[in-house]
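In what follows, a structure is listed as structure tokens, so that the remarks can point back to it.
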Amino acid sequence: MKTTWTLDSSQSDVLIKMRHSIIAYMGGTTNKFDGYVNIEDNEIEDASVEFSLDINNKKDSFQQIDTYLQLQDLFDVNEHPIISFKSTSFQKVNNNINFFKGDLTIKDVTRVVELDAEFIGVNNYNGEKKVAFEIKGDIKRQDFGLDYNSFNHNGGLALGKDIKLIANLEFSI
């Protein structure tokens, strides 16, 4: 029997980090997460993920770990406040290793990226069944025009060429 699980926005979040610094942590309560996963006999058959992150969100639940200036410099948040991802394909390798391919848009630049999706597991919480994924990927900064032109924020440490995107996604029946 196939079961479709839907993404629980309030229990999902995304972390964006670069070498030597965490740029932003974005909780699902103020950002849009959508998607589903189909599971048959405790095996993933198909999945789709879409999220839209407002990096200019000033609400308390948007926890900015580094300075606003750093976020502003890198992402030009006033002009391009939204980072979005929409999966176009899902490839299952085994029960724990999967890949999402999709369109990532940062600063009005859209590129196809591939993200690793690790199936964390199934459990019950307050009588509700939940499944969790951790989705990870390295995004090349230059592909999206994410350059630092301002003063050095890291005390002389070199910035990485990639930005790590780590999404914790929770699905419910």
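The values are calculated or read from the model by the stated rules, or taken from the named source; none is laboratory data. Because the structure is a prediction, the values reported are computed rather than measured. Ideal geometry is used to build each Cβ from the backbone, glycine not excepted, and the neighbour counts take in all protein chains shown. We work out accessible area using only protein heavy atoms, side chains counted, and drop any ligands, DNA or RNA first. Shrake-Rupley method; radii C 1.70, N 1.55, O 1.52, S 1.80 Å.
Within straight cross-link reach of LYS129, meaning Cα distance under 19 Å, which lysines are found once same-chain residues fewer than 8 apart are removed?
Here the lysines satisfying the reach criterion relative to LYS129 are LYS2.
Tell me the label-point distance for the pair ASP138, THR4, using the 7 Å Cα-to-Cβ offset, in nm and rounded to one decimal.
The two pseudo-label positions are separated by 3.7 nm.
Using a 7 Å offset from Cα along Cα-Cβ at ASN168, what residues in the range 24-38 end up with backbone N under 16 Å from the label point?
24-31
Put SER10, SER48 in order of accessible area, largest first, 1.4 Å probe: what do you get?
Numbers: SER10 70, SER48 30 Å².
Largest accessible area first, the list is SER10, SER48.
Under a straight-distance cross-link criterion of Cα-Cα below 21 Å, which lysines are reachable from LYS86, leaving out those fewer than 8 residues away in the same chain?
LYS17, LYS32, LYS101, LYS107, LYS136, LYS140, LYS164
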